[in-house]
Structure formats: C-alpha cells, structure tokens
C-alpha cells in the first residue's frame, strides 16, 4: 500500500471551496463590472481601457510588453492596438535608437481617456470590497502578492518589493 496522498474524486471536490475557482470568479466578476463602465462611459472595452492605463503609467511601452503582461499572443495584441489606433487613442512610434522597436504612445485623446480609468477601477473595487476594513484589504493584497510570488513570475517583482506607491493603489 502506498503512502502517496489520494487525489480527490470528482464527487468529493467542492467547487465553491476551491481557491482557484473563487479567484477566477472574482476576476471575471470584476472584469465584467469594469467592462460595463468602460463601455458605457468611454466606449471601449475593459481590456482596451487597461492597455491605455498601462501605457499612461509607463508599465507597458510596446506590443510585446502588453502580450507578456496579459498573457495573450502577439496577433491579439496587434488587433487591440489597431482598434485603439483607429479610435485615435494611441499611436505607434518607431524608436530613434533602434528602428526595429516600435513604441506605443497615447494621443491627447488617449491620455484624457486614460485619466478617467482609475476612477472606474476604484468604483468597481469599492463596490466589491464594501464592508471590508482597510486592514482586511491590506491583508487580501498581501495574500495575493504571496500567491504571485509562489508563481515565480518575474513581472510581479515590483509588486512584491512593495513598489506600488502608498496612497495610489486602487483599493
């Protein structure tokens, strides 16, 4: 007889108690709420809004940065960028130092749109975190950072080092 742990049978697995399922549902719910607001207030999807926000804060400067950040393929990023460029929210700018590199830059309209996005993120999170104390929100963020640290994902290094500026976090 083996001492190896038995895997849970499908009938014994309680989906509503699965951390992975709960995280996934929260993310989906949050993203749907953001999409409702960005679509009605800005005329863009939550993904498009998020890309504009990432450009505005300097986190993603190229299509490759966006693909890595969102875990999506280059062709999907190209289509997203094409739509945003067609709406005159961003432009592609070839690097002077390395002509192979194409950076993304917000247009004036893109910058104005990006400046409206934190308020939308904050309203959605305020709704979802209603009734949580500031300590509970801090603890939740700490736990989520630890999960990310366990993933060994180098893109979260600044989050784990505490480089998200106090007072500027979106809840």
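The values are calculated or read from the model by the stated rules, or taken from the named source; none is laboratory data. Note that the coordinates shown come from a computational prediction; the quantities given were computed from them, not determined experimentally. Note that each Cβ is placed from the backbone with ideal geometry, even for glycine, and that neighbours are counted across all protein chains shown.
Checked against (1) surrounded by 15 or more Cβ atoms within 10 Å (Cβ to Cβ); (2) out of contact with any helix residue (DSSP H, G or I) (no Cβ under 8 Å at 6 or more places or on another chain), residue 104 passes all but condition (2).
Of the candidates 47, 38, the single residue that is within 22 Å of residue 119 (Cβ to Cβ) and in contact with a helix residue (DSSP H, G or I) (Cβ under 6 Å, 6 or more places away or on another chain) is 38.
Yes or no, residue by residue, for (1) at pLDDT below 90; (2) crowded, with 18+ Cβ neighbours inside 10 Å; (3) outside any helix (DSSP H, G or I); (4) on the phi < 0 side of the Ramachandran plot:
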site: 8; (1), (2), (3), (4): yes, no, yes, yes
site: 11; (1), (2), (3), (4): yes, no, no, yes
site: 20; (1), (2), (3), (4): no, no, no, yes
site: 41; (1), (2), (3), (4): no, no, no, yes
site: 53; (1), (2), (3), (4): no, yes, no, yes
site: 58; (1), (2), (3), (4): no, no, yes, no
site: 67; (1), (2), (3), (4): no, yes, no, yes
site: 81; (1), (2), (3), (4): no, yes, no, yes
site: 88; (1), (2), (3), (4): no, no, yes, no
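Condition test on residue 160, is it modelled with pLDDT under 95, over 17 Å from residue 45 (Cβ atoms) and either exposed (fewer than 13 other Cβ atoms within 10 Å of the Cβ) or more than 15 Å from the chain's Cα centre (by Cα) (or both)? For residue 160, the condition - modelled with pLDDT under 95, over 17 Å from residue 45 (Cβ atoms) and either exposed (fewer than 13 other Cβ atoms within 10 Å of the Cβ) or more than 15 Å from the chain's Cα centre (by Cα) (or both) - is met. The residue that is nearest to residue 46 (Cα to Cα), among those in region 90-108 that are in a loop (DSSP other than H, G, I, E, B) and touching a strand residue (DSSP E or B) at 6+ places or on another chain (Cβ under 8 Å), is 107.
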